[in-house]
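Since the structure comes first, as structure tokens, the remarks are kept for the end.
The values are calculated or read from the model by the stated rules, or taken from the named source; none is laboratory data. Keep in mind it's a predicted model, so treat the numbers as computed, not measured. We place every Cβ from the backbone using ideal geometry, glycine too, and count neighbours over all the protein chains shown. To get the accessible areas, we keep the full protein, side chains included, count just its heavy atoms, and leave off ligands, DNA and RNA. Shrake-Rupley method; radii C 1.70, N 1.55, O 1.52, S 1.80 Å.
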Amino acid sequence: MKILHVEDVTEISQIFADILSTKNYDFDSVSDGRAGLELAVYNDYDLILLDMCMPKYSGVDFLLDLKHRRPTELAKVVIVSALEMSMVQEQELLNLGIRSVLKKPISVQSLLSQIEQEVVS
């Protein structure tokens, strides 16, 4: 399985990298949303883990540009964010075509279990 992780916080990126490495997942991790978008557009990933809170280029920017450039990839996006969202906002993201929304903080076991569940779906 190949996973793209787009996260601005270096420490969280490292934690995700450690978690994904334990399961031998093939993954790319970037801290810049624009760089992540380019990877998502030009590579094939099974899953895209996206944080919504990134400076200069937010998760919303990423999603809207991905919808424009490679809309089929939206179905592979799982939002993993501490951003407080209303049920309406979450539903709008789901209506856009993303796979699901996970709230931080998330335990290692919960994250792995969600990743495995998302890939099976």
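Under the condition of being polar (S, T, N, Q) and buried (at least 16 other Cβ atoms within 10 Å of the Cβ), which residue from the stretch 28-45 is farthest from Leu112 (Cα to Cα)?
Across the stretch 28-45, the extreme among qualifying residues is Ser31.
Is it true that some residue in the stretch 5-14 is of a type in the set (S, T, N, Q) and in contact (Cβ under 8 Å) with a residue 40 or more places away in the chain?
Checking the stretch 5-14: not a single residue is of a type in the set (S, T, N, Q) and in contact (Cβ under 8 Å) with a residue 40 or more places away in the chain.
Does at least one position in the stretch 46-53 carry a residue that is loosely packed, with under 15 Cβ neighbours inside 10 Å, in contact with a strand residue (DSSP E or B) (Cβ under 7 Å, 6 or more places away or on another chain) and modelled with pLDDT under 95?
Yes: the stretch 46-53 contains one or more residues that are loosely packed, with under 15 Cβ neighbours inside 10 Å, in contact with a strand residue (DSSP E or B) (Cβ under 7 Å, 6 or more places away or on another chain) and modelled with pLDDT under 95.
Kindly provide the set of residues from the stretch 31-62 that are farther than 26 Å from Gln91 by Cβ and touching a Ser or Thr at 6+ places or on another chain (Cβ under 8 Å), ordered by number.
Answer for the stretch 31-62, where residues must be farther than 26 Å from Gln91 by Cβ and touching a Ser or Thr at 6+ places or on another chain (Cβ under 8 Å): just Ser31.
So in the stretch 63-92, with the set limited to residues that are outside any helix (DSSP H, G or I) and touching a strand residue (DSSP E or B) at 6+ places or on another chain (Cβ under 8 Å), which one is surrounded by the fewest Cβ atoms within 10 Å (Cβ to Cβ)?
Among those that are outside any helix (DSSP H, G or I) and touching a strand residue (DSSP E or B) at 6+ places or on another chain (Cβ under 8 Å), it is Ala82.
Looking at (1) crowded, with 17+ Cβ neighbours inside 10 Å; (2) over 14 Å from the mean Cα position of the chain (by Cα); (3) more than 18 Å from Glu118 (Cβ to Cβ), which is the one condition that is false for Tyr25?
(3)
Out of everything in the stretch 1-55 that is assigned to a helix (DSSP H, G or I) and among the aromatic types (Phe, Trp, Tyr), what residue ends up being nearest to Leu102 (Cα to Cα)?
Applying the filter and picking the extreme gives Phe16.
Of the residues Val60, Val6, which single one is modelled with pLDDT of 90 or more, among the hydrophobic types (A, V, I, L, M, F, W, C) and open to solvent by 50 Å² or more (accessible area, probe 1.4 Å)?
Val60
Could you give me the residue pairs with C-beta distances under 7 Å whose first residue belongs to the stretch 99-118 and is at negative phi, whose second residue is exposed (fewer than 15 other Cβ atoms within 10 Å of the Cβ) and in a helix (DSSP H, G or I) wherever it lies, and which are 6+ apart or on separate chains?
Hits for this filter: Arg99/Ala75.
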